[in-house]
Amino acid sequence: MKHTISLKVNGESYEIDVQSETVLLDLIREKLDLTGTKDGCRSGECGACTVMMNGVPVNSCMVLAVEADGSEITTIEGLSKGEELHPIQKSFIEKGAVQCGYCTPGMILSAKALLDRNNDPTSEEVKKAIRGNICRCTGYQKIEEAIMDAASTMRGDEK
Amino acid sequence: MSEMTVVGKYIPSINALSKVTGQNKMLQDMKMQGMLYGKVFRSTQVHARISKIDVSKARKLPGVRAVITAADLPPRVYCYSPDSVDEEILCSKKVRYIGDEIAAVAADSVEIAQEALSLIEVEYEPLPGTFDTVKAMESNAPLVHEDKGSNIVGELDKEFGDIEKGFAESDHIFEDYFVSSRQAHCCMETRGCIAQYAAGGSYTVWAPTQGPHFTRTQLAEALGVDKAKVRVIDTAAGGAFGQKVMMDTNVPIAAYLSKFTGRPVKLVNTREEEFFNSRTSYEFKVHLKTGVTKEGKILAKQARVILDNGAYSDQGFNMVRFAGVVYSVLYDAPNVKYQGCLVYTNNQPSTAYRGFGNQQIGFAFEAHLDQIAAKLGLDPMEIRLLNANKTGYTKATKAFINTCPFKECIEETARLSGWAEKRKLYDKQDKNKRFQRGIGMAMMTHTGCSTRNGGFLAGEAYIKISEDGIVSLITPIVELGQGGTTAMAQIVAEGMGVKMEDVRIINADTEIIPFDPGAFGSRQTFIDGHAALAAARDAKKEMLSVAATMLDCKEEELDAADGMVFMKNKPDDPKVSTRDVAKYVVTQKGTLISGYGLYADETAPEGGRTKAFATYIPTYAFGCQAIEVEVDQKTGKVEILKITAVTDSGRTINPLLAEGQIHGALAQGLGYAYTEEYVIDEGKVLTDSFVDYKVPRAEDMPEMVLDFIESNDLGPYGVKGIGESGLVPTQAALANAVYQATGVLIKELPVKPEKILKELKRRGTC
Amino acid sequence: MNRFDYLKPAGIKEACTILADKGSKAKPLAGGTDLLVRWRKGKISPEYLVDLKGLGLEGVSVSKDGGISIGALSTLNSLLDSEYICRNYSFLTEILDDMGSVQIRNRATVGGNICNASSTSDLAPILLALGAKAKAVALDGERELKLETFFLSPGKTVLSENEILTDIQLPPFSKKSGAVYLKMKRNAMDLALAGVAVFLTLQDEDTCAAAKIVLGAVSPTPVIVTQASDELVGARINETNIEKAADLTAKAVTLVEKEVRPIDNVRASSWYRQDVVKSLTAQAIEIAYKRALQSIKK
C-alpha cells in the first residue's frame, strides 16, 4: 500500500509516496538519488547504509521509509557545508582512512554520532562506536586514527 | 638517487575526496536511461538433472521484459581457463552446485524481477553429489562433469634434486597434514554489472573488475563473439581481494538479457548470493614431509596438495602451480618435490583470493616448521634463519632471487615484537594458570610482480599534456581502493617533475587503455608503474628540451621537480614552471608534447611457452610476522595482543597507502586465522550472512606494528608489489603462538576456540 | 519476501483492536531490527505490520519502591542514557552497551528483544535472574505476568496474537546484591554462543541469602537453573566453592538438556556451549559475589 510521507533529508523537505515495504535505504538511494549511502547487506550487520535519523545513527536498511515519516535525515551528502568538509571527512582523507570507499559514508556518520556526544573519546570508545560498520580494506587502524584526529580538531586542540 | 619530492611520501589517496563526500559513483550507484533490473534463478540442488523448466508464468508477469533459459541461448560451453572448458552461461541439462544459474529475468524493477523468479518452475532429478576432494578422487565417486571421465581437473608433479636421496640423508623426517579452509572475500560491494547490447552485435559492460581486459576476453569467450565487439568499463570496485580477477558469471547473463530486451540491464548480487554464489578461495588439503639434519637444516621437502575446485574451473590450476612455487622457494632446500591436484566437487566454485594460495600452503608449512623446531629444541626464529634464502639462484628450483631481505625481515620482526624476551618469558610461565601467553612467528615469500605465466609480463602507458600543463596518464591501472591510481600519479609527478595535483589518471575503459591483464599478483605498481615512469621520463625529456629553448641553455643542464624547472647546479632557484613550459609549447612553438612508456619482461615469452615453474617469477618479495596471544584455557578463547608485520616493499612509494595495504591484509589474515569459518554442509553454504560469517570488527583488531624493508629491487624506484603479502604469514603465526601458549597446534583453519578447547580437553590440560 | 501493509494506530487501544481484528495476519512492529531480517528471509510473511512506536510505551519510570518500569518500546540506547539505570542497575547498562551495534541499539527495543523470544537474547537471562515481570495489554484488559512463565519456545511467548507487551518491571536492586551477565561470542559483534546471568544477595559478608542463575543460548529458551541456584543459598561463598557451584550448574545443564533441544549449529556445537557455560558460570558467580560485597562496603 502507498503512503505519503514527509521528511527532511539534508535540510531539504520532501513529500513523497512510498510503499509499505520500501526501506529508508531505497528511498534515499533510488527515489532521492543520494547514492552516497551504500547498500551492503540488508540485515543491519555491515553499517554501509548508516544515516543519521533525528540525530542518531541507524541502519537505513532496517527502517521502513514510512517509519521515517516526519523525521530529519542526514546522509553523507549532507555532512559538508558547501565546499567546506566536516573535520571527520578531512581527517579520513588525510589519515588514509579511505580505501575502496564503500564503508566510508557509514563509517563517517558513525564517527560523527560518537563525536557529537563525546569529543574526547578513548581508543576503545572509538572502536566500539564503529562496531556496526564493517571495513574489509583498512583493518580499521587508520579509521581510528582519523576519528581521533577529527576529535582533536573539533575540540580545537592546537596541532 | 637525489632526494625525491613525491615518491616515498605520505600522500592521501587522490580518490578519497569523492568517497568521503558520497559523490563517488560505484556500479551499484549507476542508472541508465531505460535500464532494466536483472535477477538470476539459481539451483537449489547440489547436483541434479533438470527435467523441466517452465518460465511461462514469469513471462506473463507485468513489468517483466525478458526471461531467458539455456533454450534461448546458442549451446556453448566456456571456461575462464582454456584447459578445462566446463561452464554454461545458463545450465541446459544439469546443475552442479547450489546457486548454479538456470534462468534469468529482466524487469522494470528489482522487486518485479524478484517476484518473477518465484513464478519460475524447475523440476530436478537429484543426483548423488560429491563434496570432499579426497572422496571425489575415488573411482566410484559421482562425476561432476561426466564428459571429463574423472573429477580430477588437473595434476602437477615437480621434483627438483633427488627427493628420496634427500630423505635418506636426513637425520629426522617429519610428516604432517593440514587443512586450509575456504575464505569468503566479503567485498563490501557485492558483485554486479550493467550490460548494454547495441545494434550490430556489440556489448558494453560496466562492472567492478580487477582486469577490464580480462573480463573483455572472458565475456567474448563466453558469448562466442569476436572480442572486438566487447567493451568493458571498470567501475572502481568496492573491494576485490582476488574475487574480481575473473569475470563475474552475471556478466554474460546480463549481456544476453540486454540483447533480448535491447535495453541496458543491471544485475547485482544480494549479500546472500554473494556468500553462496560469488566464489571463495580454494580449500587446500596439505600433506607435508620434511627431512632435516639434526641441526635443523632442511635437506628434503615434499608437499602434496589437493585443491577443491568446486563445480566449475577458475584459477585453480594457476594456483596449484603458484602455491608450489612459493613453497619450493621459501626455504632453500636442495631436494624438493611438489605434487598438486585440483578436484571437482559439487561445492561452490573457488577463485583467486589475495595471496593466491600462498596463505593456504604457507599456513601448513610454517606451522609444520615450528613443530620441527620444537622437536629439535630450536627457537622458531633460529630454524628459519638457518634455512634462510640468499640473493642468487636457489639450489633446487633455480629460481633467481634478485634481492633477498629474508634475514632483515626476521630480525626486524624479532626486534619490533620483542621476540627473544617474550619467547623466553612465555616458555617459563606457570603452566597451571588459566591464561597462557605465547608468541609465534611465520615467514613468507611472494611474487614481487606477478608471474611470466602465459608468456606476457608487460605494461604500457601514455602521457598527454594539455596546454595548461595538466598531465594525463593513460594507464591500465585498476583502482580497487588499494591506491593504484595514487601511486601512478606519484610516479608520474616524480618522474616528470610536475606537481602531484597536476596529474590526472585515465584508466578503466578497454577502448582507451593499453592491453593489460589487471590488478592481481601484486603486479601493477611494479609493471604499470614502470611503464608510467618510462612515459614520464619520455615526456620530461621533451619538456626540458622546450624549457632549454625558453631559458636559452642546454637541455642537459636542466631538471624539474614539483612543477618547476631549474638548473641542475642551482636547484634552489627555479626558472620556469612546468605549466608555463606546456603553455609555451602550444602558444609559441605551435605543437604538443607527450610521453610513451613500455615495460616488458624480456624472458616472459620463453617462461610462458615452457610453463616454467619457480623461474616464472621475475622477483621475489619477503615478509615476516609475529603474533602475541593470550589463550583462556577454560574457553579456548584467544586474545590477540599484538601483531608485528615486516614487509619487503622494495621501495615504499607511499607509506600511507602501503601501511593501509598491510593493515587491511592483516585484518583479513586474522579473520581467516581465527573467526572466518566458511561452513559448507554437503554443498550447502551455512554461513551465508555476516551474522554467521565473522569478519573482524574494529574491536577485534590488535595493536599492529609495521615496518617496511626497502630492498631496492627491479621495480620503478626499486618497488616490489605488496598488495597480497600482508596476509600470508598471519595464520601460521597465530597457530604457532597458540602452540607456544598451550602446546596445542590446530591444523585446520580457522584456529577457533572450540577446536583449541577440544584439544586441551583431550589432553587433559584443563 | 511478501508484500505487507503498514498500519500506524493512534493509540494503544486502536493497536489492540487492529491486532484482534487481523489475528495471525498481523505482526506488531517495534524496532524492526529482527523482524525485517526475518521478513526478508521469508521466515515470516505478515500481511500487516502494526507499528507500536509513538504510543507512549517508551521511557523508564521509577516506582515507589525504587524499582523501575521500562516501557516495552524503549530503545536499547535510550536505556543506556538513563541515569537511574546507570546508577542503580549498572550491570544492565553494561549489558546494553555490549549489545549489537550503535545503529541497532538506536532501533531495537527491550520489548522487541523479549517478544522475539530468541534463545540468544542477552536481556532475557538477566531479567529472569532479577525476577522481572511483564505487563501486557489486550482489548479485554491488562495483565501482569512473571517473566519466568513468559517464554515458550524460540519465537513463541505466552502472549496471544492480540496482546501487546507494554512494560518490563524490575524490582529494586538491593544494596547487598550483585548481578552480572557474561556471554561467549566469536567476535565483537555476535550473538551469544552461551550466556549466563547471576544475581545474588548476601546476608553477611560471605553468606548467600538468595541466588538465581539463568543460562542463555544453551537451550531453546533461557533456563533458570534452580538446583544450582539453590545450592548457593546459605553457602559461604569463597574462592574454593565457586568451582563447586559451577559444577552444580553444569549438572543442572545436563539435566535440562535431556528435556530440551540443545543448540548445535554453525556458531558453536552443543558440546562447546555446554562446556563454556560452566566456566562462564563460575566466573559470573565470582563477579556477582564481588559486586555484592562491594555494594555492602559502600
(request) Please work out, to two decimal places, the log10 of the ratio I(q)/I(0) at q = 0.19, 0.20, 0.23 Å⁻¹ from a Debye calculation in which every Cα of the stretch A:2-78 carries one identical scatterer. (result) -0.67, -0.75, -1.02
(request) Using only atoms on other chains, find how many Cβ atoms lie within 10 Å of each Cβ of peptide C:27-37 and report the average. (result) 4
(request) Would you mind checking which residues have amide H under 5 Å from B:S577's amide H? H placed 1.01 Å from N; only 5 or more apart, or other chain. (result) B:V565
(message) Buried by at least 40 Å² relative to the chain on its own: which residues of the stretch B:635-663 qualify, computing accessible area with a 1.4 Å probe on protein heavy atoms?
(response) B:T635, B:K637, B:L656, B:H663
(message) I'd like the residues of the stretch A:129-156 whose 1.4 Å-probe accessible area shrinks by no less than 10 Å² going from the isolated chain to the full set of protein chains.
(response) A:A129, A:R131, A:G132, A:I134, A:R136, A:C137, A:T138, A:G139, A:Y140, A:Q141, A:K142
(request) Name the lysines eligible as straight-distance cross-link partners of B:K755: C-alpha to C-alpha under 19 Å, and not fewer than 8 places from it in the same chain. (result) B:K285, B:K634, B:K637, B:K694, B:K747, C:K183, C:K185, C:K278
(message) At 0.36 nm per residue, and after removing the present C-alpha to C-alpha distance, how many nm does the segment from C:R3 to C:D98 gain when stretched out fully?
(response) 30.8 nm
(request) Divide the volume of the convex hull of the Cα atoms of the stretch B:160-238 by its number of residues and quote the answer in cubic angstrom per residue. (result) 190 Å³
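Please compute how much accessible surface disappears when B pairs with C, both sides summed, using a 1.4 Å probe, and round it to the nearest 100 Å².
1900 Å²
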(message) Am I reading the B/A interface right? What is its buried accessible area, both sides, 1.4 Å probe, to the nearest 100 Å²?
(response) 3800 Å²
(request) State, as an integer percentage, the relative contact order of chain C based on alpha-carbon contacts under 8 Å between residues 6 or more apart. (result) 16 percent
(request) Work out the mean other chain Cβ neighbour count within 10 Å for the residues of A:17-24 and drop it here as an integer. (result) 4
(request) Please work out how many pairs of lysine residues in the stretch B:377-509 are eight or more positions apart (or on different chains) and have Cα atoms closer than 23 angstrom. (result) 10
(message) If you count only protein heavy atoms with a 1.4 Å probe, what accessible area per residue comes out for the stretch A:1-46, rounded to a whole Å²?
(response) 40 Å²
(message) If you build the convex hull over the alpha carbons only and average its shadow over all orientations, what do you get for the stretch B:1-118? Give it in nm² to one decimal.
(response) 13.9 nm²
(request) Note every residue of the stretch B:249-273 with a reduction of at least 10 square angstrom in accessible area, all protein chains present versus the isolated chain, computed with a 1.4 Å probe, or write none. (result) B:R271, B:E272
(message) Students often get this wrong: which residues of the stretch B:161-185 have the backbone nitrogen under 20 Å from the point 7 angstrom along Cα-to-C-beta of B:T293?
(response) B:161-174
(request) With the full set of protein chains in place, find how many percent of the accessible area of the stretch B:554-656 is carbon and sulfur; take the probe as 1.4 Å. (result) 47 percent
(message) I'd like the interface area for chains A and C: accessible area of each alone minus the complex, both sides summed, 1.4 Å probe, protein heavy atoms only. What is it in Å² to the nearest 100?
(response) 2300 Å²
(request) Taking only protein heavy atoms into account and a 1.4 Å probe, give the accessible area per residue of the stretch C:5-51 in Å². (result) 44 Å²
(request) Treat each spin label as a single point 7 Å out from the Cα along the C-beta direction, and report the B:V225 to A:E15 distance in nm. (result) 4.7 nm
(request) Be a star and scan the stretch B:568-595 for residues whose amide nitrogen sits under 15 Å from the point 7 Å along the Cα-to-Cβ vector of B:E556. (result) B:568-569
(request) Please sort through the DSSP H helices of chain C and keep those with an alpha-carbon extent of at least 20 Å along the long axis and a Kyte-Doolittle average not below -1.0. (result) C:239-259, C:270-297
(request) Can you grab the distance from the C-alpha centre of the stretch B:100-127 to the C-alpha centre of the stretch C:160-191, Å, no decimals? (result) 43 Å
(request) Whole Å is fine, so just give me how far the alpha carbon centre of the stretch B:513-577 lies from that of the stretch B:320-358. (result) 41 Å
(request) Given the peptides C:269-280, B:59-70, arrange them by the average over their residues of other C-beta atoms within 10 Å, most packed first. (result) C:269-280, B:59-70
(request) With the convex hull built on the Cα atoms of the stretch B:48-99, state its orientation-averaged projected area in nm². (result) 4.8 nm²
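Beyond 45 Å, what share of the Cα-Cα pairs of the protein assembly as shown remains, rounded to the nearest whole percent?
The proportion of pairs with Cα distances above 45 Å equals 40 percent.
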(message) Show me, for the stretch C:32-39, the HN-Hα J-couplings you get by feeding each phi into the Karplus relation (A = 6.51, B = -1.76, C = 1.60, θ = phi - 60°), rounded to Hz, glycine and proline as x.
(response) x, 5, 9, 4, 5, 5, 5, 5
(message) Could you put B:R263, B:R523, B:R609 in order of accessible surface area, largest first, with the 1.4 Å probe and the full protein assembly present?
(response) B:R609, B:R263, B:R523
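Can you run the Rg to Rh ratio on the stretch B:47-183? Use alpha carbon positions and the Kirkwood inverse-distance Rh.
1.18
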(request) Filter the GluC sites (Glu not before Pro) in the stretch C:32-110 down to the DSSP loop ones having no more than 14 other Cβ atoms within 10 Å, then list what survives. (result) C:E47
(request) Could you work out the Rg to Rh ratio of the stretch A:104-158, with Rh taken as the Kirkwood radius (inverse of the mean 1/r over all Cα pairs)? (result) 0.94
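Rounded to two decimal places and with Rh computed the Kirkwood way over Cα pairs, what is Rg over Rh for chain A? Please list the in-between numbers first.
Numbers: Rg = 15.6 Å, Rh = 15.9 Å.
Result: Rg/Rh = 0.98.
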(request) Please work out, to two decimal places, the log10 of the ratio I(q)/I(0) at q = 0.05, 0.07, 0.08 Å⁻¹ from a Debye calculation in which every Cα of chain B carries one identical scatterer. (result) -0.27, -0.53, -0.68
(request) Leaving out ligands and nucleic acids, note down the accessible area per residue over chain B with a 1.4 angstrom probe, in whole Å². (result) 34 Å²
(message) Please compute the Kirkwood hydrodynamic radius over the stretch C:60-170, one decimal place, Å, based on all pairs of different Cα atoms.
(response) 14.1 Å
(request) Treating each Cα of the stretch C:109-218 as an identical point scatterer and ignoring solvent, apply the Debye formula and state log10 I(q)/I(0) at q = 0.10, 0.12, 0.20 Å⁻¹. (result) -0.33, -0.46, -1.05
(request) Please list, in chain and number order, the residues 5+ apart from B:V691 or on another chain whose amide H is under 5 Å from its amide H, with Hs placed from the backbone. (result) none
(message) I'd like the carbon and sulfur percentage of the solvent accessible area for the stretch A:87-155, probe radius 1.4 Å, heavy atoms only, ligands and nucleic acids excluded.
(response) 45 percent
(request) Along each of the three principal axes of the Cα atoms of the stretch C:5-51, give the extent in whole Å, ordering the values from largest to smallest. (result) 31, 19, 13
(message) Sequence gap at least 6, Cα distance under 8 Å: using those rules, report the relative contact order of the stretch A:46-159 to the nearest whole percent.
(response) 32 percent
(request) Quick one: pull the percent of accessible area on the stretch C:60-170 belonging to carbon and sulfur, 1.4 Å probe, ligands and nucleic acids left out. (result) 46 percent
(request) Taking a cut-off of 16 Å between Cα atoms, list the aspartates and glutamates near B:K158, but don't count ones fewer than 8 places away on the same chain. (result) B:D332
(message) Within chain B, which is the longest segment that contains none of the GluC sites (Glu not before Pro) sitting in a DSSP loop with at most 15 other Cβ atoms within 10 Å?
(response) B:296-466
(request) For each pair in C:K176/C:K212; A:K8/B:K39; B:K297/B:K752; C:K25/C:K156, compute the distance between the two Cα atoms and list the pairs where it is over 21 Å. (result) A:K8/B:K39; B:K297/B:K752
(request) Give the residues of the stretch B:419-448 whose amide nitrogen is closer than 15 Å to a point set 7 Å from the Cα of B:E630 in the direction of its Cβ. (result) B:426, B:429-430, B:433-439
(request) Give me the distance in nm between label points sitting 7 Å out from Cα along the Cα-to-Cβ direction at A:K81 and B:S18, one decimal. (result) 2.7 nm
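The values are calculated or read from the model by the stated rules, or taken from the named source; none is laboratory data. Note that the structure is predicted; figures quoted are calculated from it, not measured. Cβ: placed from backbone, ideal geometry, glycine included. Neighbour counts: every protein chain shown. These area figures cover heavy atoms from the full protein model, side chains too; ligands, DNA and RNA do not enter into them. Shrake-Rupley method; radii C 1.70, N 1.55, O 1.52, S 1.80 Å.
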